[in-house]
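Structure first, then comments.
Laboratory data are not the source of any read-out in this text; all were calculated from the coordinates shown. For clarity, every value in this text was computed on a predicted model and none was experimentally measured. Positions of Cβ are backbone-derived with ideal geometry, glycine not excepted, and every protein chain shown enters the neighbour counts.
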């Protein structure tokens, strides 16, 4: 996943980010001696929760961020392990009962091919459970893209700012079609709005800084990135207003399939 990841910044809204994961996990049918693969596991805490709640035999978490994996390895325990690898390039035998991915798939294109590859990791009656953000049209996202096209940032990007990863996300009905074509006999796909009550509008900036803005942090000098964040913050407050508390509606797609 392209970006400069700060586990502390990401976990600033840990409870809010965990809510859709638990909703996703509730779709999974528990069976005995499950082998679970968590792709894009981040800090690993939710991988451990999945292991515990599903009463899994083994859980393997995969992430491409060394910083995230260092935090995840603090949670290693009997039956739970973590590995540094790209979630798309990762190669595995057909030996997992559950393939999970929470808020990670949006970072890569061609979801049809990726989901087909992940399906190939599953046993004959395996389950796929994926959650992706679908908040591209919210000002917190559109303003980020807008500011990136302004100077001095545009020149620093070589005239080509990194695109919002959420542009890779498909419509819910497209995911439903893909699951059918991949052979899932049962499926559940839904678009859900999570209403987060944040202390103030300013907290929206901190939220996005821990995720979507990492693509800019990876391409800009630190001092220029801070300049970018200041301009982004001013534009967010101008557009959304100064509110305390602030209601932040966040759309997400949850999809589950059972072979």
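A few points about this structure:
- Cα gyration tensor shape of segment 175-259, rounded if a/c is under 1.5, else prolate or oblate by comparing a/b with b/c: oblate
- Residue among 242, 167, 73 with the largest mean-square fluctuation in a Gaussian network model of the chain, springs linking Cα atoms under 10 Å: 242
- Full-extension gain in nm, residue 160 to residue 200, via 0.36 nm per residue minus C-alpha separation: 11.2 nm
- The calculated FRET efficiency for residue 116 paired with residue 33, based on their beta-carbon distance and R0 = 25 Å, is about 0.45.
- MRE, 222 nm, helices only [DSSP H, n ≥ 4, -39500 (n - 2.57), over the chain, to nearest 500]: -10500 deg cm²/dmol
- Prolate/oblate/rounded label for segment 98-155 (Cα gyration tensor, a/c 1.5): prolate
- Sorted by Cβ density within 10 Å, fewest first, the residues 60, 182, 37: 182, 60, 37
- Cα long-axis angle, helix 172-181 against the chain (0 to 90 degrees, to the nearest 10): 30
- Among 102, 135, 186, the residue with the largest mean-square fluctuation in a Gaussian network model of the chain, with springs joining Cα atoms closer than 10 Å, is 186.
- One chain, two ends: residue 151 and residue 49. Fully extended at 0.36 nm per residue, the span grows by 32.3 nm beyond their Cα-Cα distance.
- Of 183, 195, 158, the one that fluctuates the most in a GNM where the chain has Cα springs shorter than 10 Å: 158
- Between helix 222-240 and the chain: long-axis angle, C-alpha atoms, 0 to 90°, nearest 10: 90
- Euclidean distance between Cα centres, segment 147-213 to segment 70-144, Å: 15
- For segment 1-149, alpha-carbon Rg over 2.2 N^0.38 Å: 1.04
- One chain, two ends: residue 142 and residue 76. Fully extended at 0.36 nm per residue, the span grows by 20.0 nm beyond their Cα-Cα distance.
- Rounded tilt (10° steps) of 14-25 against the dominant C-alpha axis of the chain: 30
- Beta bridges by DSSP in the chain, antiparallel share as percent, to the nearest 5: 50
- Label point of residue 224 set 7 angstrom out along Cα-Cβ; within segment 154-198, amide nitrogens under 13 Å from it belong to 154-162.
- Cα gyration tensor category, rounded, prolate or oblate, for the chain with a/c compared to 1.5: prolate
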